[in-house]
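Q: Sharing a structure, written as structure tokens. Questions coming.
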Amino acid sequence: MSTIDHPTAGADLLHLVERQAVVEVCTRMAWHADRREWQALEAVFADEVRLDYTSLNGGEPAVLSPGQIVDAWRQVLGGFDATQHLIANHLVTLEGDTAVCTASFQATHRLTDPLGASLWTLGGFYRFDLIRADGGWRISGVVMTAAWADGNKELMALAALAAR
């Protein structure tokens, strides 16, 4: 079967390739953070990123550079014994040089705590806004919506102290 017989086959294939590239960038954000691959993590972001973690922390969304994001995450995530951020159920909308990926997540954080539980797990949803830049997709916005949590949330403060 050729694309001559099915003129949309080429467009459909391109759409699937672009969709997979978007999913990969979103997955890399979690992968590099968990593996403490800070330089690779920085590369998944656009020059400016609007981060919104207000469902967990309150406050206001912030516009940050990739370096500022990585520095902040290093100061907290770097203090954990281990983290695992799983991202699944990706729904991708492509429009030219922009994309939106929504996905479910579950993030487990482990830190030995002699006075409490050693795990804190958080679940919810991400919305990633992406732009095409530098020959690939880059994350230009992240909205994390926490839906549930279990365990010792105080581990976040302890990890930040441990990372210093």
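The values are calculated or read from the model by the stated rules, or taken from the named source; none is laboratory data. Predicted model only: the values in this text are computed from it and were never measured. Glycine gets a Cβ as well: all are built from the backbone with ideal geometry, and neighbour counts include every protein chain shown. Calculation scope for accessible area: heavy atoms of the full protein, side chains included, ligands and nucleic acids excluded. Shrake-Rupley method; radii C 1.70, N 1.55, O 1.52, S 1.80 Å.
Q: Find out how many positive minus negative residues lie around Gly78, taking Lys and Arg as positive, Asp and Glu as negative, among other residues whose Cβ is under 12 Å from that of Gly78.
A: Residues near Gly78 contribute 0 overall.
Q: Taking only protein heavy atoms into account and a 1.4 Å probe, give the accessible area per residue of segment 61-164 in Å².
A: Value for segment 61-164: 52 Å² per residue.
Q: As a test of reading the structure, rank Tyr53, Tyr126 by solvent-accessible area (1.4 Å probe, protein chains only), most first.
A: Of Tyr53, Tyr126, the descending order of accessible area is Tyr53, Tyr126.
Q: For the chain, with only Lys/Arg (+1) and Asp/Glu (-1) charged at the beta-carbon, what is the dipole magnitude about the Cα centre, in debye rounded to 20?
A: For the chain, the charge dipole is close to 400 debye.
Q: Over the chain, what per residue volume does the convex hull of the Cα atoms give, in whole Å³? List each step's numbers first, then the result.
A: Details: hull volume 20.1 nm³, N = 164.
Cα-based convex hull of the chain, divided per residue, equals 123 Å³.
Q: Turning to a different aspect of this structure: Express the carbon and sulfur contribution to the solvent-accessible surface of segment 72-151 as a percent, rounded to the nearest whole number, probe 1.4 angstrom.
A: 52
Q: Each residue of segment 102-107 in turn: what ³J(HN,Hα) in whole Hz from Karplus with 6.51, -1.76, 1.60 and θ = phi - 60°, glycine and Pro shown as x?
A: 10, 7, 7, 9, 9, 10
Q: Sticking to Cα atoms, compute the Rg of segment 26-119 to one decimal and its Dmax as the biggest Cα-Cα distance, whole number, in Å.
A: 14.7, 52
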